[in-house]
Amino acid sequence: MIRVFLLAGQSNMVGAGVTAQIPAAQRRFPQNVRLFEAGAWRDLLWGDRFGPEVGFANEIGRALPDDLIALCKVAGSGANICYDWNPDGVSRGAEDVYRGPLYPKLFAEFNSLKSLLKGQGEPVDVSAMLWM
């Protein structure tokens, strides 16, 4: 089974961990966990900074060793729940010009992930959404 976990939210989900500060010995993650972010499969430590997906990946990978775990992450620093996460997909605030609506972005990202997983031949289950 392929289990999808949606990771969404504001700056705390984006994360402020500094990738360069993680010792090499702690850069090993369960082989059954993958991160889908910004429209592509990514290494868990693909950028200069990381968020809670790193710790979550270790725990969920060990808890569900027989399943493929797909983490689908969409978050924005300084995001406003009223404007940026508006389910109508309409940005209502002047400050949102540089962020854009995140709610429809989450669904677009998830739909892209579903298309990639469709050809795997295994059932796909949206197991949870983590909001931070």
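The values are calculated or read from the model by the stated rules, or taken from the named source; none is laboratory data. All figures in this text were calculated on a predicted structure; none of them were measured in a lab. No Cβ is skipped: glycine too gets one built from the backbone with ideal geometry, and neighbour counts run over all protein chains shown. These accessible areas exclude ligands, DNA and RNA; they are computed on the full protein's heavy atoms, side chains included. Shrake-Rupley method; radii C 1.70, N 1.55, O 1.52, S 1.80 Å.
Annotation: K73 fulfils all but one of (1) open to solvent by 30 Å² or more (accessible area, probe 1.4 Å); (2) outside any loop (DSSP other than H, G, I, E, B); (3) modelled with pLDDT of 95 or more; the unmet one is (1). Counting the residues of region 7-38 that are on the phi > 0 side of the Ramachandran plot and open to solvent by 50 Å² or more (accessible area, probe 1.4 Å) gives 1. Residues that are surrounded by fewer than 19 Cβ atoms within 10 Å (Cβ to Cβ), in a loop (DSSP other than H, G, I, E, B) and small (G, A, S) within region 39-58 comprise G39, G47, listed in sequence order. All conditions in (1) modelled with pLDDT of 95 or more; (2) closer than 21 Å to W131 by Cβ hold for W85, with the sole exception of (1).
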